[in-house]
Amino acid sequence: AQSVTQLDSQVPVFEEAPVELRCNYSSSVSVYLFWYVQYPNQGLQLLLKYLSGSTLVKGINGFEAEFNKSQTSFHLRKPSVHISDTAEYFCAVSDYMDTGRRALTFGSGTRLQVQP
Amino acid sequence: GAVVSQHPSWVICKSGTSVKIECRSLDFQATTMFWYRQFPKQSLMLMATSNEGSKATYEQGVEKDKFLINHASLTLSTLTVTSAHPEDSSFYICSARDVSGISNQPQHFGDGTRLSIL
């Protein structure tokens, strides 16, 4: 079984400032890691994913994340945020070996609030 | 890209009514679809895994007789909330995995259904 911890429930930041949303996970097996964004009353949109290879992953909308195996972290970053980035962000893991289901385990989410 | 359509997007109904939510993969086939539930300001919790042509797999604590799942084809799964009550009010989201993709293909999510029981 896996678990995901997003330490910050809310992150307020001014427009054009950098931001980091933290995500830590625990698992007894190798995992795939994902970041999703959710706008109000909508489903989830995939921002980026780490499957293997380079630990620095670039996604859509200027976001990137770095996989750190020793710290079991997958923090999301953006060097300069926009008002339109205001949304809920979810970190998720999928069991690498769970070939039957591949359901996602989500963190509790981080509300990014970009202020002018 | 892959699109998952979820219908209806919003439904309000009286207590005791049964409500059906559809989840369709529009441009790919999905042997497996997932149903999640999200309470306000909370994360998504997996309710069940829907398998085409077989019974759904429910997570612990989810009543299978309350939440009926049917996955009749490779592009359609339905969730029926039977005899819905106010405590069933929530945001329900489905997702699907492309059967033709490699094993680590991420899920594609629908836009969710806001269910409000009066």
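Can you tell me how chain B classifies by the Cα gyration tensor, rounded, prolate or oblate, using a/c under 1.5 as the rounded cut?
Prolate, because a/c is 1.5 or more and a/b exceeds b/c.
Just to confirm, what accessible area per residue do you get for chain A at 1.4 Å probe, in whole Å²?
That works out to 47 Å² per residue.
Sort by residue number and report every cysteine in chain B with no other cysteine beta carbon within a distance under 4.7 Å.
B:C13
Taking all protein chains as present, what is the carbon and sulfur share of the accessible area of chain A, in % to the nearest whole number, probe 1.4 Å?
49 percent
At 7 Å along the Cα-to-beta-carbon direction for both A:A1 and B:T80, put a label point, then send me their distance in nm to one decimal.
3.2 nm
Over the stretch A:1-72, what is the mean sequence separation of C-alpha contacts under 8 Å (at least six apart), divided by residue count, expressed as relative contact order in percent?
That works out to 22 percent.
Going by amide H atoms built from the backbone, whose H comes under 5 Å of the H on B:S89, apart from near neighbours?
Amide H neighbours of B:S89: B:I117.
The values are calculated or read from the model by the stated rules, or taken from the named source; none is laboratory data. Please read all numbers here as calculations on a predicted model, not as lab measurements. Cβ: placed from backbone, ideal geometry, glycine included. Neighbour counts: every protein chain shown. The area values use the complete protein model at the heavy-atom level, side chains included, leaving out ligands, DNA and RNA. Shrake-Rupley method; radii C 1.70, N 1.55, O 1.52, S 1.80 Å.
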